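K.L.:
Would you mind keeping the following structure in view while I ask a few things?
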Amino acid sequence: MHARQDGAMEPVTGEDGVLRCLWAGGPGPMRDYHDREWGVPVRGEAAYLERLTLEAFQSGLSWSTILAKRPAFRTAFHDFDAEAIAAFTEEDHARLMTDVGIVRNRLKISATITNARATVALREAEGLEALILSHAPTGPLDHTATTSPESVALSKALKKRGFVFVGPTTMYALMQAIGLFDPHLPGCFRHGK
């Protein structure tokens, strides 16, 4: 960790001479994700459901594990088509539990199916994308935080609508990933872009 004496986090310089957030200093998939995708707004229900699902699966695991399995997640969950996932049966659940390409966690697979059904139900109201966007942070950002008042509120709003595995910390990570605020450290080449 690179922190100043006042506790503020500082970016690191990679071997390519570029300043990046701490976790993306070395070459590889994590840096590629940081440089191209993390903090970039997404559009469409499937993109939001994918990010929500991947953040839930990441809980307790490393993000590099999830990135490595992302193509298999996309295949297993029909490119995060909410209607297709919502129609999954017990046989589909059993099949996913044998899929070595994804994280085989019974509760997280069930949560994905539950969240897809909640996403479909939410279409008659504001929709998943609009609900998440309505909780975008507006105040100053603490780069050492793991939750925010907005992530707590989003977690509650989603749970009220039937979503699971959407705790405040997971929702904060989602907000970072989809660019609801600029998650990049000041000094990182992606900050402010």
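The values are calculated or read from the model by the stated rules, or taken from the named source; none is laboratory data. What you see is a predicted model, and the numbers here were worked out from it, not measured in a lab. Because the Cβ atoms are built from the backbone with ideal geometry, glycine has one as well, and the counts that use them run over all protein chains shown.
K.L.:
Looking at the range 92-106, can you tell me whether even one residue there is closer than 16 Å to V164 by Cα, without any contact (Cβ under 8 Å) to a residue 40 or more places away in the chain and basic (K, R)?
P.N.:
Taking the range 92-106 as the starting set, the residues that turn out to be closer than 16 Å to V164 by Cα are 105-106.
Subsequent filtering for residues that are without any contact (Cβ under 8 Å) to a residue 40 or more places away in the chain retains 106.
Next, from what is left, pick out any that are basic (K, R): 106.
Yes: one or more hits.
K.L.:
For the range 29-42, which positions are surrounded by 15 or more Cβ atoms within 10 Å (Cβ to Cβ) and in contact with a Leu (Cβ under 8 Å, 6 or more places away or on another chain)?
P.N.:
Correct list: M30, Y33.
K.L.:
A further question on this structure: In the range 142-166, what residues are crowded, with 17+ Cβ neighbours inside 10 Å, small (G, A, S) and either at pLDDT below 95 or in a loop (DSSP other than H, G, I, E, B) (or both)?
P.N.:
Within the range 142-166, just S148 meets the criteria.
K.L.:
Same structure, new question: Here are R74, R43: which of them is in a loop (DSSP other than H, G, I, E, B), under 16 Å from the mean Cα position of the chain (by Cα), at pLDDT 95 or above and among the charged types (D, E, K, R)?
P.N.:
Numbers: R74 fails: in a loop (DSSP other than H, G, I, E, B).
Of R74, R43, the one residue that is in a loop (DSSP other than H, G, I, E, B), under 16 Å from the mean Cα position of the chain (by Cα), at pLDDT 95 or above and among the charged types (D, E, K, R) is R43.
K.L.:
Let me ask you something else. What tally of residues in the range 118-141 results from selecting those that are under 18 Å from H191 (Cβ atoms) and surrounded by 12 or more Cβ atoms within 10 Å (Cβ to Cβ)?
P.N.:
Residues meeting the conditions: 3.
K.L.:
Read through the list (1) hydroxyl-bearing (S, T, Y); (2) part of a loop (DSSP other than H, G, I, E, B); (3) within 24 Å of E45 (Cβ to Cβ), then give the number of the only condition that T119 fails.
P.N.:
(2)
K.L.:
Of E55, E45, E10, E83, which residue is surrounded by 12 or more Cβ atoms within 10 Å (Cβ to Cβ), within 21 Å of T147 (Cβ to Cβ), touching a residue at least 12 places away in the same chain (Cβ under 8 Å) and acidic (D, E)?
P.N.:
Working: E45 fails: within 21 Å of T147 (Cβ to Cβ); E10 fails: within 21 Å of T147 (Cβ to Cβ); E83 fails: within 21 Å of T147 (Cβ to Cβ).
Exactly one residue qualifies, and that residue is E55.
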